[in-house]
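The values are calculated or read from the model by the stated rules, or taken from the named source; none is laboratory data. Just so it is clear, the structure is predicted and the values come from calculations on it, not from any experiment. Here Cβ is always computed from backbone atoms with ideal geometry, including for glycine, and neighbour counts include all displayed protein chains. Calculation scope for accessible area: heavy atoms of the full protein, side chains included, ligands and nucleic acids excluded. Shrake-Rupley method; radii C 1.70, N 1.55, O 1.52, S 1.80 Å.
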Amino acid sequence: MKINKERLWDRIQMLGEIGQSTNGGITRLAFSKEDRKATDLVIGWMREAGLEVWTDPVGNVFGRREGTVKGPVVLTGSHLDTVRNGGKFDGAAGVLSALEVIQTLNDYNIETILPIEIVIFVNEEGSRYAGGLMGSMAIAGLLPESILDEKDNEGIPLSTALKEFGGMPNQIHAAKRPGSDFAAFYELHIEQSQTLEKEDKSAGIVLGIAGPYQMKVIIYGRSGHAGAVAMNLRNDPMVAAGIIIQEVEKVAKETAPTTRGTVGYVKAFPGGHNVIPEKVELTIDIRDINEETRERVVSRIQKTITKICDERGLKSETIVTQNTPPVPVNKETIEKMKQIANEEKIPFTTVTSGAAHDAMIMGKLCPIGMVFIRSINGLSHCPEEFSTREDLADGTQILLHLIKDTANPPIIE
Ligand code: HGY
Ligand code: MN
Ligand code: MN
């Protein structure tokens, strides 16, 4: 049984046109019109595949293929929202490979005992509204009510954007589903790093997912004239931000090969070339596959922030926007995936994921599995993000058998 790699590849290309800018970068921010357009395109394909389709109150879309019994579902999928100026494979590959699995089972007239559902999680990236992993957090019942008041750069509250997208902001807790609904959750995703390329393998079997700890730090200083205020009279938050940014890199480099520290966003207020800023806002993203290591890094950086601000007569405020612990994949699923890859003669290796995924949250409800496909030059979250049609087909072939076998559990007489 082989998936239809041309159909899958054509869909990736069609979807990749939505939100694409002239430089080839894709911007499909959560709940935007581009996000809506991409979601509607996939809903149309889901319906063509005979799936029963519905949307939950936070905007997650589900497509269901019945089994021969009313049992727990095998859930599979990913996200369609992107970062700003991102690529066409991050998230989309997981949604469309899941759909390809359904179409292939249909093409071969294969029934399964358990039902299968595809999911499109909303706001995985947290690029427009801080946090991310929103759709899976809602399903797991972990979404804080406060997220509705989050504002984007234009000052639009998430609740307004969600309503326009077709969600129901006043019923977000109704998106919660019990773990008993699910037999397992499987996600195909691009690797977004270079292990598979360096080892010349098309597929990666994920052993565990590093957990992101993200915070927004606001440093308050004293604004003033860039020419008039003498250097020794300044309380300049921008200089403090610069020292903190260097410290994030230094601590991450010194700690462990799996530790990551990133400052992806800095914003000065009022932001004039001849004005000492009144305040500076920056985001800090710390990750590691080991939670204790990650906690150590976070606490070192928080101490540095306090020390630098005290020394320079500044005030600071830290808001934690995401704190998801690292998640291991269970051994049984890993062995099953290895067996499938060997049977399908697909070159694979085992990897850990530095990037976060909805599978981390779903791992609180049911067993999870992730299959990675090779990212050319390890690039992602940029227009150069690329995976080949063959690698996408190989990863989907593993996903196909993983889903089929899980949805056809051995009947115990
Ligand atoms: O940030 C991440 O790891 C994911 O791309 N949202
Ligand atoms: Mn991403
Ligand atoms: Mn992703």
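Looking only at residues of segment 67-82 that are aliphatic (A, V, I, L, M) and crowded, with 23+ Cβ neighbours inside 10 Å, we find that the one that is nearest to ligand 2 (Cβ to nearest atom) is Leu80.
Do you know which residues across segment 360-371 are away from ligand 1 (no atom under 12 Å from the Cβ), within 17 Å of the chain's Cα centre (by Cα) and crowded, with 18+ Cβ neighbours inside 10 Å? So that I can check it myself, show each step before the final result.
Just the residues of segment 360-371 that are away from ligand 1 (no atom under 12 Å from the Cβ), to begin with: 362-371.
Still in the list and also within 17 Å of the chain's Cα centre (by Cα): 362-364, 368-371.
If the condition is that a residue be away from ligand 1 (no atom under 12 Å from the Cβ), within 17 Å of the chain's Cα centre (by Cα) and crowded, with 18+ Cβ neighbours inside 10 Å, then Met362, Gly363, Ile368, Gly369, Met370, Val371 are the ones that fit.
Taken over segment 301-314, the criterion of being within 29 Å of the chain's Cα centre (by Cα) and either surrounded by 19 or more Cβ atoms within 10 Å (Cβ to Cβ) or of a type in the set (Asp, Glu) (or both) is satisfied by Ile301, Ile305. Quick one: in segment 97-124, which of the residues that are of a type in the set (D, E, K, R) and buried (at least 24 other Cβ atoms within 10 Å of the Cβ) is nearest to ligand 2 (Cβ to nearest atom)? So, considering only residues that are of a type in the set (D, E, K, R) and buried (at least 24 other Cβ atoms within 10 Å of the Cβ), the one nearest to ligand 2 (Cβ to nearest atom) is Glu124. In summary, strands (runs of 3 or more DSSP E) completely within segment 183-299 and bearing 3 or more residues that are at pLDDT 95 or above and open to solvent by 60 Å² or more (accessible area, probe 1.4 Å) occur at 260-269. Criterion first (in the same structural domain as Arg128 (by TED's automatic domain parsing) and either more than 13 Å from ligand 3 (Cβ to nearest atom) or among the aliphatic types (A, V, I, L, M) (or both)) does Asp56 satisfy it? Yes.
The residue pairs whose first member lies in segment 259-274 and is without any contact (Cβ under 8 Å) to a residue 60 or more places away in the chain and among the small types (Gly, Ala, Ser), whose second member is outside any strand (DSSP E or B) and open to solvent by less than 70 Å² (accessible area, probe 1.4 Å), and whose beta carbons are closer than 6 Å, counting only pairs six or more residues apart or on different chains, are Gly261/Val248; Gly261/Ala252; Ala268/Pro277. Does Thr321 satisfy the condition of being in contact with a strand residue (DSSP E or B) (Cβ under 6 Å, 6 or more places away or on another chain) and away from ligand 3 (no atom under 16 Å from the Cβ)? Judged against the criteria, Thr321 is a match.
Picking from residues in segment 310-325 that are among the hydroxyl-bearing types (Ser, Thr, Tyr) and modelled with pLDDT under 95, the one that is nearest to Gly141 (Cα to Cα) is Thr324. Which ones in segment 22-66 are open to solvent by less than 10 Å² (accessible area, probe 1.4 Å) and of a type in the set (D, E, K, R)? Arg28, Asp35, listed by residue number.
Looking at the structure I just gave you, is Thr112 touching a helix residue (DSSP H, G or I) at 6+ places or on another chain (Cβ under 6 Å) and in contact (Cβ under 8 Å) with a residue 12 or more places away in the chain? The answer is yes for Thr112.
Yes/no per residue for (1) within 16 Å of ligand 1 (Cβ to nearest atom); (2) over 21 Å from the mean Cα position of the chain (by Cα):
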| site | (1), (2) |
| --- | --- |
| Lys345 | no, yes |
| Gly354 | yes, no |
| Asp358 | yes, no |
| Ile373 | yes, no |
| Leu399 | no, no |
| Asp405 | no, yes |
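Flag: Gly369 does not match the condition of being under 30 Å from Ser223 (Cα atoms) and of a type in the set (Gly, Ala, Ser). Residue-level analysis places Arg294 among those that are charged (D, E, K, R) and within 16 Å of ligand 1 (Cβ to nearest atom). The set of residues in segment 129-159 being within 15 Å of ligand 2 (Cβ to nearest atom) and crowded, with 23+ Cβ neighbours inside 10 Å consists of Tyr129, Gly132, Leu133, Met134, Gly135, Ser136.
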